[in-house]
Amino acid sequence: MMTHPLLPKLRALRLSGMLQTLETRARQAVQGNLAPTEFLAILLDDELERRAGRRMTLHLADAHVDPTKTLAQFDFAAAPQINRSLVLDLAAGGFVTRGENVLLCGPTGTGKSHLANALAYEALKRGQSVLLRSAHRLLADVHAARADGTGARRFARLCSVDLLVIDDFGLRPLSAQGAEDLYEIIRERYERKALIVTSNRAFTEWADAFGDSLLASAALDRLTHHCHTLTIRGQSYRQRSRRKEDTPIADDFETPMKPD
């Protein structure tokens, strides 16, 4: 293929990806007696699909979204209390278009981050702009950007991206500046752009995570307006998996021995 006579022409037109399927499509055209326009249409479809895949790969990396954590990989059976209909409705993306919020609360390891990532992935598939960061990393990035003179540009992106996912809110205490930055992000996005926030704290504890009662009240008032909430209960996936790995094979069908 690298010496195909069409290669320089396709490169000049930025269509060199067509060479990947050219011979296969040519055989199919002969076997199926396709018209020249049908053959060309199939080749162009291949090129469009290749470009879409490349764009998706770039967008996933830029958004920090994990392509392996999708709804198809989420174990709903392990979290039967989750409103699956609501999750599927959120996956359709209407909440992003309407600038609504999604709050995910539950113990560590129960799938909050996976669900948030999956919803972000669905948004990317629809061509919406997405950014997913942990609360700690997001605020650290804002602080670093302020120090190197790119703070305004960084803040503008956080406020303008179609869907911002803030993972693990409340896992680490916020500094006074961090609480102010987070409040400003929430305020700027309010009723304009969608937010997903995950936390292992109960909703009643979110105010404490801010460390400032006034900022907390103002931020939570905006977060919980036009909001969808999902509370996940149960044991950590990782702990369940570890227990399965630690269980001796001989005991699979026997009563577990009591510890000494």
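With θ taken as phi - 60° and the coefficients 6.51, -1.76 and 1.60, list the Karplus ³J(HN,Hα) couplings across the stretch 119-126 in order, rounded to whole Hz; mark glycine and proline as x.
For the stretch 119-126, the Karplus curve yields 5, 5, 4, 5, 5, 4, 4, 8 Hz.
Could you state, as a whole-number percent, how many of the C-alpha pairs of the stretch 149-226 are farther apart than 22 Å?
19 percent
Based on the alpha carbon coordinates of the stretch 1-133, what radius of gyration and maximum Cα-Cα distance (Dmax) apply, in Å?
According to the Cα coordinates of the stretch 1-133, Rg and Dmax are 20.8, 60 Å.
Extension gain residue 188-residue 205, at 0.36 nm per residue separation less the Cα-Cα distance, in nm?
Contour length minus Cα-Cα distance gives 3.8 nm.
Below 8 Å, C-alpha to C-alpha, sequence gap of six or more: please give me the relative contact order for the chain in percent.
22 percent
Among residues other than residue 208 whose Cβ falls under 14 Å from its Cβ, what is the net charge (Lys/Arg +1, Asp/Glu -1)?
0
Note down the net charge around residue 60, summing +1 for each Lys or Arg and -1 for each Asp or Glu among other residues with Cβ under 13 Å from its Cβ.
+1
With the Cα gyration tensor of the chain giving a ≥ b ≥ c as the square roots of its eigenvalues, does the rule (a/c under 1.5 for rounded; else a/b larger than b/c for prolate; else oblate) give rounded, prolate or oblate?
oblate
Stretched out fully, how many nm does the piece from residue 218 to residue 92 gain, at 0.36 nm a residue minus the Cα gap?
Difference between extended and current length: 42.4 nm.
What is the sum of charges, Lys and Arg at +1 and Asp and Glu at -1, for the other residues whose Cβ falls under 9 Å from the Cβ of residue 135?
+1
Considering the chain as a Gaussian network with a 10 Å cut-off on Cα pairs, which listed residue, 79, 41, 216, attains the greatest mean-square fluctuation?
Residue with maximal mean-square fluctuation among 79, 41, 216: 41.
Going 7 Å from the Cα of residue 225 in the Cα-to-Cβ direction, what parts of the stretch 188-210 have a backbone nitrogen less than 15 Å from that spot?
Correct set: 188-195.
Say each of residue 33 and residue 171 gets a label point 7 Å from the Cα, pointing the same way as Cα to Cβ; how far apart are those two points in nm?
6.2 nm
What do you get for Rg/Rh of the stretch 60-201 when both radii come from the Cα atoms and Rh is the Kirkwood radius?
The Rg/Rh ratio comes out at 0.96.
Between residue 102 and residues 5 or more places away or on another chain, which pairs have amide H atoms under 5 Å apart, with H built 1.01 Å from N, and which residues are they?
Under 5 Å from the amide H of residue 102: 195, 196, 197, 228.
Given the C-alpha centroids of the stretch 173-197 and the stretch 7-44, what is the distance between them in whole angstrom?
Their Cα centres are 50 Å away from one another.
Throughout, read-outs are computed from the coordinates displayed, never taken from laboratory work. Please read all numbers here as calculations on a predicted model, not as lab measurements. Cβ coordinates were reconstructed from backbone atoms using ideal geometry, including for glycine residues, and neighbour counts include every protein chain displayed.
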